[in-house]
Amino acid sequence: WERVSGGSDTFTFAVRSSATAEDLPDASFAGQQETYLNVMGYDDLKQKVHLVFASLFTDRAISYRHDRGFEHSKVQLCATCQKMVRSETGAAGVMFSLDTESGFR
């Protein structure tokens, strides 16, 4: 936290998840786990990381895995802490390396 934020309590982070079962040919887990934006301060960052891990066990996430036959104990998750990009002062977006309709890379 301190290396990235410089110890500033006003530095903002985006806390996001990345799971091993995301973006599979027969299932898409994108959006199943929580994302937190504009996270400020060490204590808030630590809490949001815990909440991202906990979101692997929400009713929605459990139901989705159950309906598609995924073992709950086999899905792994990490929480990423990224510098928050202020889209109102610059630009932000998502880039896809695969056309989700055709599969073209």
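Just a few scattered comments:
- Here segment 41-94 has 53 percent of its accessible surface on carbon and sulfur atoms, given a 1.4 Å probe and all protein chains in place.
- Straight-distance crosslink candidates among lysines, where the alpha carbon sits under 26 Å from Lys83 and sequence neighbours closer than 8 are dropped: Lys46, Lys48
- Close amide H contacts of Glu34 (hydrogens built in the peptide plane, cut-off under 5 Å, sequence separation of 5 or more or a different chain): Ser55.
- FRET efficiency for Thr10 and Phe53, using Cβ-Cβ distance with R0 set to 35 Å, rounded to 0.05: 0.85
- Stretching Cys78 away from Ser97 to a fully extended chain increases their span by 4.7 nm, per 0.36 nm per residue minus the current alpha-carbon distance.
- A crude spin-label estimate for the pair Ala19 and Thr89, with each label 7 Å from Cα along the Cβ direction, gives 3.4 nm.
- Our estimate of slack between Asp67 and Met40, defined as 0.36 nm per intervening residue step minus the Cα-Cα distance, is 6.1 nm.
The values are calculated or read from the model by the stated rules, or taken from the named source; none is laboratory data. Keep in mind it's a predicted model, so treat the numbers as computed, not measured. Note that each Cβ is placed from the backbone with ideal geometry, even for glycine, and that neighbours are counted across all protein chains shown. Ligands, DNA and RNA are excluded from the accessible area calculation, which covers all protein heavy atoms including side chains. Shrake-Rupley method; radii C 1.70, N 1.55, O 1.52, S 1.80 Å.
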